[in-house]
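No value in this document is a laboratory result; all are computed from the given coordinates. What you are looking at is a predicted structure, and each value in this text was computed from that prediction instead of being measured. Every residue, glycine among them, receives a Cβ derived from its backbone with ideal geometry; neighbour counts consider all protein chains shown.
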Amino acid sequence: MSPVHLFAVIAICATLLNGCSDKASGGADRTGVICDPPEFTVTTEAENVIPSPGEITELDGPVLQIHEGVYMVRGFSNTFLVTSDEGSIVIDTSISFTGGAHEQALRPYVVEPLRYIILTHNHPDHTGGVEAWRGDDTTVEVLAQKEAVQFAHYQRRLDGIFRNRNSAQFSRLLNLPPLDFNPPDAPVVNDGGTILSTIQFERYFEFQLGNLTVQVVHTPGETPDHVSVWIPELRMAFPGDNFYISFPNLYTLRGTRHRPALDYVSSLDTVLSWRPEVVAPSHGDPVYGEVAIQERVGGYRNAISYIHDETVRGINAGKDVFTLMREVTLPPELQTVDTNELYGRIDWSVRGIYGGYVGWFDGNVSNMTATPPTAIHPEIVEMAGGVDAVAGRAAELAEAGDYEHALHLADMALNVDPNHVVALATRADSAAVLRDESINLNAQGWYHAAVREVESKLEE
Ligand SMILES: [Zn+2]
């Protein structure tokens, strides 16, 4: 649909006002209300547009004003406060250990009543301040897309592996200590997630906030429950984590299900179709200007689409996943300030797309059974002259700067002798260099955790 066409489509669905506005939703006991209109049209043109300031203004302490009546505190994840002449909303609440500080900084700017906390998605770096904002005040509704419920259960179900992997991935960025898996006999908890939302919707939720219209749209991408917020009077969109400081993690090493690339593409198309003049992502700073937004967010969308299509082309051509991880890269015109690999990485995303589409089997019968390639490591080590020889060769490779091969060879030695000092030292040294050479925050975390693990073993 062209922008000109969209310009003409200015309507709020009448059914919405009966079925899914806050006016119709009842009192404070609406936990779990699923509120969804059969159809909806996002308002792309408002009557009383408030001009964008085009820049951030610093206020007291960490508080930034990013639009008329819209405030932000930067953090590992940002918290936004949107005020109108008749009340306020909060969009995302940051992570638990900063959520309270964000709330305290922003609280003086709240225009009472605080009506909604909108969670762009149910990741802990966005939900950590809900308690600080809401406290015992049950008149403050917490709004989320309905998939947030299953997503919360999923995260709780797998809390043992996620706890361990989060501690590795964020060992450096958040200085997390190593955290254990669950005990082997720990019960399986399938539906034990904490449900933060008091109102859930499926595709669309809209309400009036004084002089502002707030339109919340299901835009899956980073997570299945992901939403974006659009306020036409401000010409301002909040895309959550579907657009952030780097190429996305279409797969994240801390463990996640497939994040479908085509969901990102269509969700970013949705946001772009509103022709925002301000886009405020939950990580990083706002982007100002309709042209800049179309170019930058559009370029981001195109980069994801390109990586997806090239990976699918390779999958269909019978290429293996490691070949695709090496071969699929962005062409120069899609390498922008927004598609850097500071947080997400393209090779991991390629593997994520591959695994998301075709699963674990690589088509090789050797890999079809429970006998892994590592099962023959003792055989190879013996043929190579023993574990000292293999560890020594690993150290030579590291010395020569071939750290990735050195890690594999050290692993082979350690599979035979888990306490081999040269193999352990080579593993630690290689991981330390790769950590220090990497610009990727998550890779740094994993290498750092590997170094830490080996060092604690060597100290025993
Ligand atoms: Zn986030």
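Any chance you could list the semi-axes, whole Å, largest first, of the equivalent ellipsoid that the Cα gyration tensor gives for the stretch 266-362, using √(5λ)?
So the equivalent ellipsoid measures 29, 13, 12 Å along its semi-axes.
Spelling out what I want: for every residue of the stretch 342-347, take phi, set θ = phi - 60°, compute 6.51 cos²θ - 1.76 cosθ + 1.60 (Karplus), and round to whole Hz; glycine and proline get x.
5, 10, x, 10, 5, 5
Once phi is turned into ³J(HN,Hα) by the Karplus curve 6.51 cos²θ - 1.76 cosθ + 1.60 with θ = phi - 60°, what whole-Hz value does each residue of the stretch 388-402 show in order, with x for glycine and proline?
Once rounded to whole Hz, the list reads 5, 5, 5, 5, x, 5, 4, 5, 5, 4, 5, 4, 7, x, 9.
Please compute the length gained on full extension between Thr194 and Ala317, using 0.36 nm multiplied by the number of residues separating them and subtracting their Cα-Cα distance.
Extending this stretch completely gives an extra 39.9 nm.
Name the residues whose placed amide hydrogens come within less than 5 Å of the amide hydrogen of Leu114, ignoring near sequence neighbours (fewer than 5 apart) on the same chain.
Ser88
Quick one: what do you get for the stretch 369-415 if you divide its Cα Rg by 2.2 N^0.38 Å?
Working: Rg = 11.0 Å, N = 47, 2.2 N^0.38 = 9.5 Å.
Against the compact-globule rule of thumb, the ratio is 1.16.
Over all directions, average the projected area of the Cα convex hull of the stretch 32-98 and note it in nm².
Result: 7.4 nm².
Compute the distance from the alpha-carbon center of the stretch 365-380 to that of the stretch 101-158, in whole Å.
47
For a bin width of 5 Å, list the pair-distance distribution of the stretch 369-459 built from all Cα-Cα distances, rounded to whole %.
3, 16, 24, 22, 18, 11, 5, 1
Give the dimensionless ratio obtained when the Cα radius of gyration of the stretch 26-137 is divided by 2.2 N^0.38 Å.
Details: Rg = 15.1 Å, N = 112, 2.2 N^0.38 = 13.2 Å.
Relative to the rule-of-thumb radius for its length, the stretch 26-137 sits at 1.15.
Once you charge only the Cβ atoms, +1 for Lys and Arg and -1 for Asp and Glu, what is the size of the charge dipole of the stretch 3-289 about its Cα centre, to the nearest 20 debye?
Charge dipole of the stretch 3-289: 840 debye, to the nearest 20.
List the residues, sorted by chain then number, that are 5 or more residues from Leu209 or on another chain and whose placed amide H is less than 5 Å from its amide H.
Those qualifying (amide H under 5 Å, at least 5 residues apart or on another chain) are Val214.
Rank-order 409-417, 101-109 by packing density, defined as the average count of other C-beta atoms within 10 Å over each peptide's residues, highest first. It would help to have the intermediate numbers written out before the result.
Values: 409-417: 22.1, 101-109: 18.4.
Packing order, densest peptide first, comes out as 409-417, 101-109.
Which value at 222 nm does the chain reach when only helices count, each DSSP H run of 4 or more adding -39,500 (n - 2.57), with the total divided by all residues and rounded to the nearest 500 deg cm²/dmol?
The per-residue figure over the chain is -12500 deg cm²/dmol.
Calculate the length of the line joining the C-alpha centroid of the stretch 289-314 to that of the stretch 186-239, in whole Å.
Rounded to whole Å, the Cα centres lie 24 Å apart.
Any idea what diffusion coefficient the chain gets from Stokes-Einstein, in µm²/s, Kirkwood Rh on alpha carbon pairs, 10 °C, 1.306 mPa s?
66
Apply the Karplus parameterisation 6.51 cos²θ - 1.76 cosθ + 1.60, with θ equal to phi minus 60°, to every residue of the stretch 190-201 and state each ³J(HN,Hα) to the nearest whole Hz, in sequence, with x for glycine and proline.
7, 10, x, x, 7, 8, 8, 7, 9, 9, 10, 9
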